[in-house]
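Peer 1: The structure under discussion is supplied below as structure tokens; questions concerning it will follow.
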Amino acid sequence: NPGPPLSASAELDLRVPGFKAADLPLKGVPAGLVLPPTTVTGRVALVGEDLELKAFAIKAGQGEVELTGKVRKALTKPDPQVRISARLELPPLDSKQLSAFAAVPAGLNLPAVKIRLKASGGLDAADIQELAVHLGASVLSVAGRAQALSSGSPVVNLRVKGGPLALGELGAMHPAGKPFALSGGASVDMNIEGPADKPALRGTAKLEGLGAKAAGLELSGFTGSITADPSVIRLDSLAGDASGGRLTVSGTVSDYRREPDIRFKGRLTRLDLGRIFSAKGPVESSSGAAGKGPASGKDAPAPAPPAAQLPAAASRPIRTSGSFSIDEIVHPHLDGKDFS
């Protein structure tokens with residue numbers, strides 16, 4: 001309405017006791033969720049259409065958020081320009097607890113999490129001075145700038161550093177990863193620049209003592225590094241033990257932002273088929289029982305649903321070529337050499 005600009009200010013000192021979600025008429029929130037005591041302090045001032053925040057702080061349990069800055073046109077078309085400092089510590093959580101706040105895969109179990117954030121900006125651009133995440137024994141940090149956030153095609157310039165990354169703990173967070181029995185560590189130091197959906201990479205990632213189980217193979221002691229620049233990603237001699245043999249793999253991915261061209265080369269010194277088949281156990285029939293004939297009638301498994309079809313726009317041309325050699329293949333009924 002026409003007239004003199006509105007002006008108002010308030011000093012906040014709000015204290016809310018802790019309570020259980022079951023005590024509130026909220027749907028979809030786990031009844032056992034406990035919200036800690038919360039304190040809100042600070043000064044807010046409305047000057048014309050702008051809302052100013054001074055030392056606006058929210059503290060709850062092991063979490064704290066502090067905001068300063070201004071929200072332009074707060075009552076009509078909010079345009080925040082704020083600085084945020086946050087600290088959060090969470091105990092181990094499972095998918096049932098996390099689903100109250102975000103869509104997460106069933107069976108997910110997160111170790112204890114510590115997060116620190118210092119950032120500034122608004123709805124369209126943000127500068128991240130520090131984003132540090134401690135997930136169990138793994139550490140990841142991000143710093144940089146993101147722009148065009150409201151356009152649907154954001155542009156980023158970020159520095160991502162991680163290490164140590166505890167692969168065993170990360171792989172066990174979901175039931176799908178547990179059979180692989182990951183072990184070892186990894187680290188990454190990478191710049192990510194350009195459109196968020198097709199960024200250019202520049203930096204390195206390293207594997208340190210990777211171990212895993214896959215397709216009857218037991219992998220252990222794998223080390224190697226990946227280096228990237230805007231035109232090519234290189235896998236430099238990933239090597240380790242594979243069920244009694246020595247496996248070495250190297251390769252490149254050229255033009256990875258447009259039409260990836262994958263070239264690889266691998267060598268395995270010894271493949272023990274008897275050992276692999278023994279590790280897999282007896283072969284099961286389609287009915288799920290070893291040694292029985294195919295299922296029929298009401299006991300037959302339901303037909304698999306048709307594979308989802310990706311829209312044509314989602315596909316990208318990919319070229320690939322390479323070679324793989326095995327020095328020796330052994331089995332109780334077979335000896336062979338020089339396969340390629």
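Peer 1: Once you have the Cα-Cα distance between residue 339 and residue 6, take 0.36 nm times their residue separation minus that, and quote the gain in nm to one decimal.
Peer 2: Full-extension gain reported as 111.7 nm.
Peer 1: Please tell me the relative contact order of the chain in percent, rounded to the nearest whole number, where contacts are Cα pairs under 8 Å and at least six residues apart.
Peer 2: 7 percent
Peer 1: Efficiency by 1/(1 + (r/R0)^6): what FRET value for residue 321 and residue 133, r their Cβ-Cβ distance, R0 = 30 Å, to the nearest 0.05?
Peer 2: Given R0 = 30 Å and the Cβ-Cβ separation, E is 0.20.
Peer 1: With charges set only on the Cβ (+1 for Lys and Arg, -1 for Asp and Glu), what does the dipole of segment 218-258 come to about its Cα centre, in debye to the nearest 20?
Peer 2: 160 debye
Peer 1: If you count the DSSP beta bridges with both ends in the chain, what percent of them are antiparallel, to the nearest 5?
Peer 2: Counting only bridges with both partners in the chain, antiparallel ones make up about 95 percent.
Peer 1: Name the shape class, rounded, prolate or oblate, that the alpha-carbon gyration tensor gives for segment 51-162, where a ≥ b ≥ c are the square roots of its eigenvalues, rounded holds for a/c under 1.5, and otherwise prolate holds if a/b is larger than b/c and oblate otherwise.
Peer 2: prolate
Peer 1: Once every DSSP H run of n ≥ 4 in the chain is given -39500 (n - 2.57) and the sum is divided by its residues, what mean residue ellipticity at 222 nm do you get, rounded to the nearest 500 deg cm²/dmol?
Peer 2: Here the helix-only value at 222 nm equals -1000 deg cm²/dmol.
Peer 1: Tell me the relative contact order for segment 11-155 as a rounded percent, counting alpha carbon contacts under 8 Å between residues six or more apart.
Peer 2: Worked out over segment 11-155, it gives 13 percent.
Peer 1: Ignoring everything but the protein chains, give the 1.4 Å probe accessible area of residue 95 in square angstrom, nearest 10.
Peer 2: For residue 95, the solvent-accessible surface is approximately 20 Å².
Peer 1: I've got another one for you. What relative contact order, as a whole-number percentage, does segment 125-230 give when Cα pairs under 8 Å and 6 or more residues apart are counted?
Peer 2: 19 percent
Peer 1: Something else: In debye to the nearest 20, how big a dipole does the chain give about its Cα centre with +1 on each Lys and Arg Cβ and -1 on each Asp and Glu Cβ?
Peer 2: 220 debye
Peer 1: Sticking with this structure for a sec: Two-decimal Rg/Rh of segment 97-222 from alpha-carbon positions, Kirkwood Rh?
Peer 2: 1.02
Peer 1: Continuing with the same structure: Determine the gain in length on full extension of the stretch residue 23-residue 96; use 0.36 nm per residue of separation and subtract their C-alpha separation, reporting nm with one decimal.
Peer 2: 24.4 nm
Peer 1: Provide the net charge surrounding residue 228, with neighbours chosen by a C-beta distance below 9 Å and charges set as Lys +1, Arg +1, Asp -1, Glu -1.
Peer 2: Taking every Cβ under 9 Å from that of residue 228, the sum is +1.
Peer 1: While we're looking at this one, here's another question. Checking the a/c ratio against 1.5 first, then a/b against b/c, what shape does the Cα gyration tensor give for segment 1-114?
Peer 2: prolate
Peer 1: Using a Förster radius of 51 Å, what is the FRET efficiency between residue 106 and residue 265 based on their Cβ-Cβ separation? Nearest 0.05, please.
Peer 2: 0.85
Peer 1: Here's something else I'd like to know. Put a dot 7 Å past each Cα toward the Cβ at residue 157 and residue 33; how far apart are the dots in nm?
Peer 2: Reported label-point gap for residue 33 and residue 157 is 3.8 nm.
Peer 1: What length, rounded to one decimal in nm, is gained on full extension from residue 141 through to residue 52, with 0.36 nm per residue of separation minus their alpha-carbon distance?
Peer 2: 29.0 nm
Peer 1: Any idea which of 260, 226, 25 is furthest toward the positive side of the dipole for the chain, if Lys and Arg beta-carbons carry +1 and Asp and Glu beta-carbons -1?
Peer 2: Working it through, the farthest residue towards the positive pole turns out to be 25.
Peer 1: So what's the net charge close to residue 114: Lys and Arg +1, Asp and Glu -1, counting the other residues with Cβ under 10 Å from its Cβ?
Peer 2: Residues close to residue 114 contribute a combined charge of +1.
Peer 1: Which longest uninterrupted range of the chain lacks any trypsin sites (Lys or Arg not before Pro) assigned by DSSP to a loop state (not H, G, I, E or B) and surrounded by at most 10 other Cβ atoms within 10 Å?
Peer 2: The longest such stretch corresponds to 28-257.
Peer 1: What do you reckon, how do 326, 84 stack up by accessible area (1.4 Å probe), largest on top?
Peer 2: From most accessible down to least: 84, 326.
The values are calculated or read from the model by the stated rules, or taken from the named source; none is laboratory data. Bear in mind the structure is a predicted one, so any value in this text is a computation, not a measurement. Cβ atoms come from the backbone with ideal geometry, glycine included; neighbour counts cover every protein chain shown. For the accessible areas, the whole protein counts, side chains as well, though only heavy atoms, and no ligand, DNA or RNA atoms are used. Shrake-Rupley method; radii C 1.70, N 1.55, O 1.52, S 1.80 Å.
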